[in-house]
Every structure is written in structure tokens, then in C-alpha cells.
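**Q** Input: one structure, supplied below.
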Amino acid sequence: MRTGDGLPIPHPPGDGESPRTNRSQLADHGQRHDEPPPPGDGDIGPPPPRNTPTTEPRNPRSRDSLKIATLNMRGRNSYLQGFRQEKWFHIYRVVNSYKVAVLAIQEAHLTDELAVNINTAFETKILVYHSPLPETRNAAGVAFVINKGLLNAEKVTYEEIIPGRAIIAKIKWHGDATIKILNIYAPNDTAENEAFWDKLRDATTRKPEWKPDILLGDFNVVEDSLDRLPCHPDNAGAVAALGKLKSHLNLIDGWRRTHPDKREYSHTQSSNTSQSRIDRIYITNELLAPATDWKIDPPPLIETDHWLVSTNVTTPEAPEIGRGRWQIPTYLLENETVMNDLNTLGRKTLDKIETNKYRRTNTVNPQTIYASFKTDLVETCRKHAKVIHPTITNKIAKLKKKLISMNNNDNIDDDDKLLESVVIKTEILELERILFESNRVYAKTKNHVHAETICRDWIRTN
């Protein structure tokens, strides 16, 4: 087993490294450091010092919900506006913006040297582990990107099943739970695709510990003609081989089970604009029930013909959590007009409470007045949010709804769908790039203004 940089996982300090107790800790218990500790009740001695570190390692990022995603990045370089750009240095933005804990990458085209450079550049942010094709670094290749802000990367181990095509990650999850995620990039050739599934089934039969809880990646084959535009069935042999692997691993296509009749596509063929849902996430029955938010989203700043496919996976033991209460968006609190309206509403509420101080009734009293104030405050904020909400975000949301509606409209001809969907997807990607660039400039400006000022942003950075 290896960590992302190929080194063995370090062990926590043993019991031989006892914590040090300083004078301030002794002073907290009301005694001088040169006096013997006074006996407590039953002569059991004083209580232990505060803030004493435990010898048992603790995972500060133990979460019962993880966002898992897959993306075919179509190689490491892009040529935008005539300049070569390294896609890998944009991966952190994708992971951070979508709050992805584990991102499976296909067509990574990574070298050991570049992997080291990425892990060094984003040392506190992400950890990359990759598996290249033995014969070439400029084709295929799979990789895992671990978000260190959401997972303890030192608790993740990896094994190579098929070099450049299949790697598995074993992740220490919530409490003592572990989850195994298998990242695959299947060959495009139909005969090789069929043989790949047979090879993977043989490997997981030979080593049962390689059986995953989640199988995800670029499958280069669909099981249902509904997942292609125009609709047509795929090679029967490849589909049957994939079906045998699914049965062997007891896995289910989570997106299709959640959306039995829906049509969305994760890949657009650049040569003829045909589309398909070849990027998928398969999951066990046990994890399917609590899994939520099955999505297909555009990957901004990454020039690729694939979209990001993701889901939120929760431990089966976790309690069901709803959407929560509505919160006032933070951008409203920075708007002068909104704050003036809320101040006016608050002053009127205080005046009403003062006026009715000595005329309390069951319907008019401080409690009912305050309840009305909270209702009016939420309504006021909602009204302003509809007007102030970022225009680009609204446009993106409307375009996504339009795309889904068109793909599922049987009255529209397939050829018209192909042309129109390409136009809509292109517009969505352009808006996402603009939004990302705007957020980047905002973050850069805020960092320049606050710089070394001790504030919330400075504390988060350091």
C-alpha cells in the first residue's frame, strides 16, 4: 500500500512519547510548580491538566457524507487563445468549487515528475495519485484527486489493478468505516472493451479485497440506448461483459436508478456532435439508498468533451438530514439598500414593542411582534435576493433547465436536439468560465486588500 507520493503511511506517535505539562497548566489548578500536588477526594490526586493531547490519533475531517465525482479530462494540456495551458493546475478549482472529496480522473496523461510538482504546489489542498500506461504517458492513465480539506489523505491507500486503466482507493471514512472506490478508463475499441470487463472480473475474483463499493469512470459503452443521442444499442458483447461484472460486484447504476426515464449526457463527440452518458457511477445497494444529488455538471476551465458526474455518498448509519432552514445569502448583508430596509424594519418592530409594553394581549405582545418581524425579514430578503442574485448564476440555471427539458422532449427531432444542445452547452461553459474568472479576481483583490491583516480570511489561509 502506498500514499499518493509513493511513501509508506507514517504512524502516529506511540505511548512512549508522553505529553509535556508546563507551568501554566499547573497554575491553572491553583498550585505552585515547586509544591507537591494536594490530595483530592479519596487521595486520588489532582485532576489531569487541561488540553492534554490523547495518544489515540484523531481524524479532524471525519465526515459521514462525501461528494464523489468522475471526469475524463482528455489529456493534460489545452491550447486556449494560442497558449498551451496545463489542465492539472485547474483541477483544484474544480474540486474546491464543487466541494468534491474524491475526484476520479481519466485520460490523466500524468508523469511521476508532474505528479510530484502538483502535490508540491497544492501540498495543503489536494493529493494526487496516478497510474499511467506502462508503454506511454501520452495516452489513457487514471488518477485520484483527494481533497485534503474534506478527507485525511494519510488514511487513503491505493492499489493498481490494471496499469493506466484501473486503480482502487481504500478510504478511511466516518468512524471506523472504510469505502473502496474503483476508478476505470475502459478502451474505446469494442473488442478491447469487452475483454477489459472480463479481465476486471477475473482480477476481482482472484483478489476479493479488490471488490469496490463504488465503480466509476469512463466506460466507453452504454447499457441502454436511452443513454445515446441519437438512440442506438451498443455492442452486445461489451454490454454483456459489463453486465456480468456488475452482477459479480453487486453494483447498480445509481444515476439511472434515481432517474429511470430521464435523458442527460456526459459526453459530446466533437466530430459529429453525437452525445452519450458513458461517464457513470455504479454503487452498492447498501450505499444507494442514502446517496443523493446525482448530477452531471460542466467542468469550468477544463477543456474537455466530458462533463463532471457526481453524487453525495452517506454512511448507511447516518441519520436522514433534510434541506435545512433557509439562510440569508451573505451577499445581501453587503448591500446597502437591503441593510437600510432591514434597519427600518427593526426600528418599527422596536417601536411597536415599546408602544404595546403596557397593553399586552394574547395576539399583541413582544413574542408575537418578534415572530412577525422574523417573517417580514425573511420575505424582505427573499424579495431582494430575486433582484440582486448574480445574473450569470441565474443564466446558467435557466440554460441547464432548458437543456434537460429539450433532451427529454420527444416532439423534437434528434438532429435538432444535437445542434441545439451543442449551442446551449457551449454557452453554459462560457458563462461558467466567466463566473470562475470573476471569483478568482474577487479572491485575488480581497487577498491584496487584507494581506497580512489578522482577520477571518487570514486565519483560514494560515
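**Q** I want to confirm something. Restricting to the stretch 312-334 and keeping residues that are open to solvent by less than 40 Å² (accessible area, probe 1.4 Å) and among the polar types (S, T, N, Q), which single residue is modelled with the lowest pLDDT? Step through it out loud before you land on a result.
**A** Applying the first criterion (open to solvent by less than 40 Å² (accessible area, probe 1.4 Å)) to the stretch 312-334 yields 312-315, 318, 329, 332.
Filter again for among the polar types (S, T, N, Q), leaving 312, 314-315.
Values: Asn312: 94, Thr314: 87, Thr315: 79.
Among them, the one singled out is Thr315.
**Q** Next question. Of everything in the stretch 194-248 that's surrounded by 14 or more Cβ atoms within 10 Å (Cβ to Cβ) and β-branched (Val, Ile, Thr), which residue is nearest to Leu287 (Cα to Cα)?
**A** Ile214
**Q** State which residue pairs qualify: first residue touching a residue at least 60 places away in the same chain (Cβ under 8 Å) and within 15 Å of Lys383 (Cα to Cα) and inside the stretch 324-344, second residue part of a helix (DSSP H, G or I) and open to solvent by 60 Å² or more (accessible area, probe 1.4 Å) in any location, beta carbons under 6 Å apart, and separation of 6 or more residues or different chains.
**A** From residues that are touching a residue at least 60 places away in the same chain (Cβ under 8 Å) and within 15 Å of Lys383 (Cα to Cα), there are no pairs.
**Q** Taking strands (runs of 3 or more DSSP E) that do not extend beyond the stretch 114-188, which have at least 3 residues that are β-branched (Val, Ile, Thr)?
**A** 142-147, 156-162, 166-172, 178-185
**Q** A follow-up question, please. For Ala143, state whether it is hydrophobic (A, V, I, L, M, F, W, C) and either open to solvent by 10 Å² or more (accessible area, probe 1.4 Å) or in contact with a Cys (Cβ under 8 Å, 6 or more places away or on another chain) (or both).
**A** So Ala143 fails the test.
**Q** While we're here: If you check Asp279 against the conditions, is it modelled with pLDDT of 90 or more, open to solvent by 60 Å² or more (accessible area, probe 1.4 Å) and of a type in the set (Asp, Glu)?
**A** No: the conditions fail for Asp279.
**Q** Moving on to the next point. So which residues in the stretch 171-183 are of a type in the set (D, E, K, R) and in contact (Cβ under 8 Å) with a residue 60 or more places away in the chain, if there are any at all?
**A** Lys172
Yes/no per residue for (1) closer than 24 Å to Leu403 by Cβ; (2) in contact with a helix residue (DSSP H, G or I) (Cβ under 7 Å, 6 or more places away or on another chain); (3) not small (Gly, Ala, Ser):
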site: His174; (1), (2), (3): no, no, yes
site: Thr178; (1), (2), (3): no, no, yes
site: Trp197; (1), (2), (3): no, yes, yes
site: Lys207; (1), (2), (3): no, no, yes
site: Val221; (1), (2), (3): yes, yes, yes
site: His248; (1), (2), (3): no, yes, yes
site: Arg256; (1), (2), (3): yes, no, yes
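**Q** Give the number of residues within the stretch 199-221 that are part of a strand (DSSP E or B) and not hydrophobic (A, V, I, L, M, F, W, C).
**A** Summing the residues that are part of a strand (DSSP E or B) and not hydrophobic (A, V, I, L, M, F, W, C) in the stretch 199-221 gives 2.
**Q** Then there's this: Of all residues being open to solvent by less than 80 Å² (accessible area, probe 1.4 Å) and assigned to a loop (DSSP other than H, G, I, E, B) in the stretch 393-426, which is farthest from Asp261 (Cα to Cα)? Just the residue, please.
**A** Start the filter on the stretch 393-426 by keeping residues that are open to solvent by less than 80 Å² (accessible area, probe 1.4 Å), which leaves 393-394, 396-397, 399-400, 403-409, 412, 414, 417-418, 420-422, 424-425.
Now narrow it down to the ones that are assigned to a loop (DSSP other than H, G, I, E, B): 408-409, 412.
Values: Asn408: 9, Asn409: 12, Ile412: 17 Å.
Of everything passing the filter in the stretch 393-426, Ile412 is farthest from Asp261 (Cα to Cα).
Every residue, every condition in (1) on the phi > 0 side of the Ramachandran plot; (2) in contact with a helix residue (DSSP H, G or I) (Cβ under 8 Å, 6 or more places away or on another chain); (3) assigned to a loop (DSSP other than H, G, I, E, B), yes or no:
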{"position": "Leu332", "(1), (2), (3)": "no, yes, no"}
{"position": "Asp341", "(1), (2), (3)": "no, yes, no"}
{"position": "Thr344", "(1), (2), (3)": "no, no, no"}
{"position": "Lys348", "(1), (2), (3)": "no, no, no"}
{"position": "Asp351", "(1), (2), (3)": "no, no, no"}
{"position": "Val364", "(1), (2), (3)": "no, no, yes"}
{"position": "Ile369", "(1), (2), (3)": "no, yes, no"}
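**Q** Mind listing whichever residues of the stretch 185-221 are touching a residue at least 60 places away in the same chain (Cβ under 8 Å) and aliphatic (A, V, I, L, M)?
**A** Keep residues of the stretch 185-221 that are touching a residue at least 60 places away in the same chain (Cβ under 8 Å), which gives 185, 213-219.
Matches in the stretch 185-221: Ile214, Leu215, Leu216.
The values are calculated or read from the model by the stated rules, or taken from the named source; none is laboratory data. Predicted model, so just to flag it, every value in this text is computed and none were measured. Backbone-built Cβ (ideal geometry, glycine too); neighbour counts: all protein chains shown. With ligands, DNA and RNA removed, areas are computed over all heavy atoms of the protein, side chains included. Shrake-Rupley method; radii C 1.70, N 1.55, O 1.52, S 1.80 Å.
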